[in-house]
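Right, one structure below, let's go through it.
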Amino acid sequence: MAEEISINVKGPNELKLSISISLDKTVLDLKESIAECADVPAAQQRLIYSGRVLKDDDALSSYKLASGHTVHMVKSPVRRDAEPPRQQLPTMQTGQNPTDPLTVLNGPAGHGVMAGFNPFAQMGVNPNDPNMMQSMLDSPEFLQSMSHLMSNPQILDQIIASNPQLAAMGPQVRQVLQSEQFRQMMSNPDSIRQMIQMQRMLQGMGMNPGMGGFPGMYGAPGAAGGATFPPPGAFGTPTTTGSTGTPGAAPAAPGAGTTPAGGAGSPPTGTGAVPPVTPFGNYGMVDPNLMNLLAGGMGGMGGFGAPAQPADTRPPEQRYETQLSQLQTMGFTNAQQNIRALMATGGNVNAAVEYILNGGGL
Amino acid sequence: MAVVPRNFRLLEELEKGEKGIGDGSCSYGLEDGDDITMSNWNGTIIGPGHTVHENRIYSLKIHCDDSYPDSPPRISFLSRVNLPFVAANGQVEAGKIGVLAHWRRNYTIETVLVEMRKEMASPTNRKLPQPPEGSVY
């Protein structure tokens, strides 16, 4: 029996352990002993002693450890590939979790911009930040996963099932969502940009976002769901300056629901007799069916949260690294407060500054 | 004040390294415990948090020649790293980092490691793109 020594282990968060172990044990044995006392599995531990990273298979004696010596333990980050496979179906309510700061922000109390359209909630992307959105849309990965999503019938089923309006529309929705054209549209950054632009414009016209999700779609499934889609030339005129739009067009506003309930802006009370409203009919710019469909599609997406990419599980310190250092350079030195402010504002530095100046996050 | 001779100084540092006195962000020890000249040392720096270095462990080699601690140790990174004071072969360029350029006799191996760690967290270096973790020179 080899000599038993008592060593100290120092780890993250002031962790201090004293462990007795025989010198003929291996480093892996030591890690397992540490795992018993600390909440860090052996596989995630990295041990450092005397300027060296200890290798699992080596015997402790080879490092000349002696009683009273200290080994430092560093926790490795959980590896991406160790995470559960992302093909797991998305949790339906992620985008609508009332405790999710982004959802709250998007709710009636928040800015309400693009309410219901927040497939990015978990990705640390603030959908209210146009630049963020822009860069998202430019990312080929995002577009790819968007189109991938749309082609997965299981996910489509979930989207439809999660959304009463969509479900009420029956099989046509499926066809639409699965249609090549819709997929192309969803994966085309320009179309999405135009939709966003459209929403802004509608808001600029004094309409509250979320004025009834997509009643046109619900009310006239025949017209909206079954129609040829998209009508040719629908997006022919992207520069929609139409500040002259009539408020009467409101019900067809594509700003799907402000409520945390994502795209389900309006309760399914329609009678099916409401004719599709043509917000831009006078200008012949955009086919209302198309708008409705898009609103519906986007709303549906709001419903299923963020499966487009693996959820950002990084701690907020990492997620908001850029913003944190910006706040630091602005002279906001309370790191904890900065993090809380960024979490509350979904990573928007300007909003975070305001939040801090108002005494938030203390 | 009496000048502490090289070997006493290094013995002191060795003990401190083994016992792990300090904040634990840096670690160092003799490469070969039987080396009575105490010239070659290993060091590690745990990458500072909230930077690109977070969760990384950088391994270094430290050479204390006969003139130590009157002159600074020679240091090179074993783990690949992108920092302005580290040459393409991993060698730390003494002229480019204050702690070595303005060496004082009371500085220790730990001082150097801690200072380099601070550099990693400096606003200019904290976001430098880094080679993949685990790659070595």
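The values are calculated or read from the model by the stated rules, or taken from the named source; none is laboratory data. All figures in this text were calculated on a predicted structure; none of them were measured in a lab. All Cβ positions, glycine included, derive from the backbone under ideal geometry; neighbour counts span all protein chains shown.
Having 3 or more residues that are farther than 15 Å from B:H50 by Cα, away from chain B (no Cβ under 14 Å) and over 19 Å from the mean Cα position of the chain (by Cα) is the bar; report the helices (runs of 4 or more DSSP H) wholly within the stretch A:310-359 that clear it. Break it down into steps so the answer makes sense when it comes.
Details: elements: A:316-319, A:321-329, A:335-344, A:349-357.
Answer list for the stretch A:310-359: A:349-357.
Starting from residues that are more than 9 Å from every other protein chain (Cβ to nearest Cβ) and outside any loop (DSSP other than H, G, I, E, B), keep the ones in the stretch B:45-60 and report whichever is nearest to B:F8 (Cα to Cα).
B:I45
Go through (1) more than 14 Å from chain A (Cβ to nearest Cβ); (2) surrounded by 21 or more Cβ atoms within 10 Å (Cβ to Cβ) for B:T111 and report which single condition fails.
Against the list (1) more than 14 Å from chain A (Cβ to nearest Cβ); (2) surrounded by 21 or more Cβ atoms within 10 Å (Cβ to Cβ), B:T111 comes up short only on (2).
Looking at the stretch B:40-57, is at least one residue more than 18 Å from A:G51 (Cβ to Cβ) and exposed (fewer than 13 other Cβ atoms within 10 Å of the Cβ)?
There is no residue in the stretch B:40-57 that is more than 18 Å from A:G51 (Cβ to Cβ) and exposed (fewer than 13 other Cβ atoms within 10 Å of the Cβ).
Which of the residues spanning the stretch B:79-137 are in contact (Cβ under 8 Å) with a residue 12 or more places away in the chain, among the hydrophobic types (A, V, I, L, M, F, W, C) and in a loop (DSSP other than H, G, I, E, B)?
B:V81, B:L83, B:F85, B:I97, B:W103, B:A121, B:L128
Kindly indicate the residue of the stretch B:24-44 that is over 13 Å from the mean Cα position of the chain (by Cα) and among the hydroxyl-bearing types (S, T, Y) and also nearest to the other protein chains (Cβ to nearest Cβ) among those meeting that condition.
It comes out as B:S39.
What number of residues within the stretch A:29-67 are of a type in the set (A, V, I, L, M, F, W, C) and in contact (Cβ under 8 Å) with a residue 60 or more places away in the chain? Before you say what the answer is, go through the steps one by one.
Filtering the stretch A:29-67 for residues of a type in the set (A, V, I, L, M, F, W, C) gives A:30, A:34-35, A:37-38, A:40, A:42-43, A:47-48, A:53-54, A:59-60, A:65-66.
After this cut, where a residue has to be in contact (Cβ under 8 Å) with a residue 60 or more places away in the chain as well, the list is A:65-66.
Total satisfying the criteria: 2.
Answer yes or no as to whether A:D39 is farther than 22 Å from A:S62 by Cα and surrounded by fewer than 17 Cβ atoms within 10 Å (Cβ to Cβ). Spell out how you get there, then give the answer.
On the way: farther than 22 Å from A:S62 by Cα: yes; surrounded by fewer than 17 Cβ atoms within 10 Å (Cβ to Cβ): yes.
It is true that A:D39 is farther than 22 Å from A:S62 by Cα and surrounded by fewer than 17 Cβ atoms within 10 Å (Cβ to Cβ).
Every residue, every condition in (1) farther than 20 Å from A:P77 by Cβ; (2) in the same structural domain as A:V71 (by the TED database); (3) of a type outside the set (V, I, T), yes or no:
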{"residue": "A:P12", "(1), (2), (3)": "no, yes, yes"}
{"residue": "A:L17", "(1), (2), (3)": "yes, yes, yes"}
{"residue": "A:L23", "(1), (2), (3)": "yes, yes, yes"}
{"residue": "A:L30", "(1), (2), (3)": "yes, yes, yes"}
{"residue": "A:I34", "(1), (2), (3)": "no, yes, no"}
{"residue": "A:A38", "(1), (2), (3)": "no, yes, yes"}
{"residue": "A:Y49", "(1), (2), (3)": "yes, yes, yes"}
{"residue": "A:R52", "(1), (2), (3)": "yes, yes, yes"}
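Which numbered condition trips up B:D70, out of (1) outside any helix (DSSP H, G or I); (2) crowded, with 20+ Cβ neighbours inside 10 Å?
So B:D70 meets the others, but not (2).
Exactly one condition in (1) of a type in the set (D, E, K, R); (2) away from every other protein chain (no Cβ under 14 Å); (3) crowded, with 18+ Cβ neighbours inside 10 Å is false for B:R104; which is it?
B:R104 satisfies all of (1) of a type in the set (D, E, K, R); (2) away from every other protein chain (no Cβ under 14 Å); (3) crowded, with 18+ Cβ neighbours inside 10 Å except (3).
Working only within the stretch B:1-21, note down all residues that are in contact with a Leu (Cβ under 9 Å, 6 or more places away or on another chain) and either within 11 Å of chain A (Cβ to nearest Cβ) or not in a helix (DSSP H, G or I) (or both). Give the derivation first.
Narrowing the stretch B:1-21 to residues in contact with a Leu (Cβ under 9 Å, 6 or more places away or on another chain): B:10, B:14, B:17-18.
Within the stretch B:1-21, B:L14, B:G17, B:E18 qualify.
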